[in-house]
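Here is the structure we will look at, set down as structure tokens.
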Amino acid sequence: MSEEKNRNATEEEESPSAKAVSEAQPGTEEAAGQASSGEADEPAEPSVEEELQAAREESKTHYDQYIRSVAELENYRRRSLREKEETRKYATSSLLQDLLPVLDNFELGLQSAENHPEAKGIAQGFEMVHQQIKSILKEHGVEEINPEGKTFDPHRHESTGYEPNEEAGEGEVIRVARKGYALNDRLLRPAMVVVSAGPAGEPGTDAEGAEPEQEPKETKAGEENPSANRSEEE
């Protein structure tokens with residue numbers, strides 16, 4: 001009897017552990033099933049051809065970016081050189097514009113001195129200085145605009161008025177009031193000129209030289225119109 005009791009007690013003690021093992025088995029089976037399904041869902045590795053095609057497309061994209069960067073750099077280099085050259089050519093434009101009125105007054109003084117016999121010697125000396133100044137300006141790209149006798153150019157000349165002239169044709173510059181100047185083909189100051197309006201018309205004639213028609217005189221009431229009487233007699 002005592003042995004049977006001990007056996008039963010041992011079975012009761014072992015039964016909870018066996019029950020726990022039986023309960024743990026379904027979870028283990030589920031975990032194993034999830035692991036097998038996860039392995040089935042993983043994407044397959046790309047083939048060598050696919051990797052090569054992707055590398056070619058990436059290389060083409062990088063090459064296009066390289067070509068675009070080289071073109072932009074070349075355009076920037078050319079633009080910088082052009083701006084640098086323009087800056088060099090026209091850097092003195094503001095200084096020259098301030099000096100032009102001084103040069104005008106210098107030339108007016110020379111013209112006034114030439115009209116006085118006692119100042120001719122001094123005028124000749126200053127004329128040499130004047131020629132030196134003009135030579136230096138020419139070496140630095142300054143061009144004098146003196147269009148007397150030439151056709152009026154609205155891009156380089158500024159008209160102060162029109163005058164009739166028998167010798168000059170219509171639109172021709174007959175007098176220069178103030179000289180103009182240009183720096184390397186860029187206008188610094190237009191020349192102020194007087195333009196010919198062509199030959200003046202003779203008094204008593206119209207533009208074509210025909211005599212104007214005379215309007216008939218009005219007759220007062222009671223007075224006879226001689227032209228009407230002449231026509232009736234005829």
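Which of MET128, MET192 has the fewest other C-beta atoms within 10 Å, and how do the rest follow up to the most? Can you show the working numbers first?
Working: MET128 9, MET192 15.
Taking fewest neighbouring Cβ atoms as first place, the list is MET128, MET192.
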Exercise. Subtract the Cα-Cα distance of ASP104 and LYS120 from 0.36 nm times their separation in residues, and report this length gain in nm to one decimal.
Key: 3.8 nm
Self-check item: Mean-position separation - Cα centroids, the stretch 130-184 and the stretch 67-92, in angstrom
Solution: 34 Å
Quiz item: Given a cut-off of under 8 Å on Cα pairs at least six residues apart, what relative contact order in percent is computed for the stretch 93-196?
Solution: 26 percent
Practice problem: Along Cα→Cβ, 7 Å out, is where each label goes; now give me the distance between the ones at GLU127 and ARG178 in nm to one decimal. | Solution: 2.6 nm
Quiz item: Roughly speaking, what is the stretch gain from ARG79 to SER47, that is 0.36 nm per residue apart minus the C-alpha to C-alpha distance, in nm to one decimal?
Solution: 6.7 nm
Practice problem: For the stretch 93-196, just say rounded, prolate or oblate: build the C-alpha gyration tensor, square-root its eigenvalues into a ≥ b ≥ c, call rounded for a/c under 1.5, and beyond that prolate if a/b exceeds b/c, oblate if not. | Solution: oblate
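Quick note: the coordinates plus some simple rules give every number you see, no bench work behind them. What you see is a predicted model, and the numbers here were worked out from it, not measured in a lab. Heads up, the Cβs are rebuilt from the backbone with ideal geometry, glycines too, and the neighbour counts pull from every protein chain shown.
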